[in-house]
1. For segment 287-295, state whether one or more residues are surrounded by 15 or more Cβ atoms within 10 Å (Cβ to Cβ), touching a strand residue (DSSP E or B) at 6+ places or on another chain (Cβ under 8 Å), in contact (Cβ under 8 Å) with a residue 24 or more places away in the chain and over 14 Å from residue 218 (Cα atoms).
2. Residue 81 passes all but one of (1) at pLDDT below 90; (2) touching a helix residue (DSSP H, G or I) at 6+ places or on another chain (Cβ under 8 Å); (3) under 25 Å from residue 122 (Cβ atoms); which number fails?
3. Inspect all residues belonging to segment 68-77 and state whether any of them is out of contact with any helix residue (DSSP H, G or I) (no Cβ under 6 Å at 6 or more places or on another chain) and surrounded by fewer than 17 Cβ atoms within 10 Å (Cβ to Cβ).
4. Quick check, is residue 86 over 19 Å from the mean Cα position of the chain (by Cα), closer than 30 Å to residue 20 by Cβ and modelled with pLDDT of 95 or more?
5. Condition (residue is surrounded by 14 or more Cβ atoms within 10 Å (Cβ to Cβ) and on the phi > 0 side of the Ramachandran plot) applied to segment 101-113: is it met by at least one residue?
6. So, of the residues in segment 30-42 that are touching a helix residue (DSSP H, G or I) at 6+ places or on another chain (Cβ under 7 Å) and surrounded by fewer than 24 Cβ atoms within 10 Å (Cβ to Cβ), which turns out to be modelled with the lowest pLDDT?
């Protein structure tokens, strides 16, 4: 079987609220270009639209986005709407609120609780939808998330949002939010290069409670928002050779092996990389390989 014939079905599924999604999804941030947060060179619009449509053809039914994902000429939400509306019934679109960028791309003050309705409505407008499937509260350094999460819970009760999640949090924030409303997903930075004790505790807690854990930058590694890392440990390279796979695929496979509740959302604007990322869901690492990878980046 070639990579072109491997679909997102190979990664298995997880129940996300009242929806079942495949464990390989798609992170849309990079569709605006390699420097989405820095107003760098815009991506090719037609290629970005083609990537989105191809992702759905490959069985991806979970797309992660945000209204603050835009570059000089491109808005990710506009690309998603153009490429995929009218949306397939089984497609779950997740977005994030909390951070704010003005029309010039400059970061503004984090949202106050009363601002979140405007953030949600802007995502609705850009995506052309009457409700959002999943909205993450992206914590922007505040000590407590209760008031902000409560504002989102009110929007859920009003029918604008179906499910709620949290991003960039500590374990105590999960418990705090759960006292307000159900949490179906947690999105934190996690990967071979980012495995802090605090994040591992979140990984454990979410698994015990049946909450999806959705890592970002799992492939990018230390490159973060600037793109995928090329600094691969020898253990990653060795396992990649053994499977005839790329280092990025091994990073994704390792991520998915961290628990059945882990959902990967690798992002790319490159059609070939998209096919490669989806195919990573079919890789099965041995206990020995997992142990070697864990030891290399411990």
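The values are calculated or read from the model by the stated rules, or taken from the named source; none is laboratory data. None of the values given here were measured: they were computed from a predicted structure. A quick note on method: Cβ atoms are made from the backbone with ideal geometry, for glycine too, and the neighbour counts reach across all protein chains shown.
1. No, the conditions are met nowhere in segment 287-295.
2. Only one criterion is unmet by residue 81, namely (1).
3. Yes, the conditions are met somewhere in segment 68-77.
4. yes
5. yes
6. The selected residue is 37.
One line per residue, one yes/no per condition, for (1) in contact with a helix residue (DSSP H, G or I) (Cβ under 6 Å, 6 or more places away or on another chain); (2) farther than 25 Å from residue 186 by Cα; (3) part of a loop (DSSP other than H, G, I, E, B); (4) modelled with pLDDT under 95:
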{"residue": "222", "(1), (2), (3), (4)": "no, no, no, yes"}
{"residue": "225", "(1), (2), (3), (4)": "no, no, no, yes"}
{"residue": "231", "(1), (2), (3), (4)": "no, yes, yes, yes"}
{"residue": "236", "(1), (2), (3), (4)": "yes, yes, no, yes"}
{"residue": "241", "(1), (2), (3), (4)": "no, yes, no, no"}
{"residue": "245", "(1), (2), (3), (4)": "no, yes, yes, no"}
{"residue": "255", "(1), (2), (3), (4)": "no, no, no, no"}
{"residue": "258", "(1), (2), (3), (4)": "no, no, yes, no"}
{"residue": "284", "(1), (2), (3), (4)": "no, no, yes, no"}
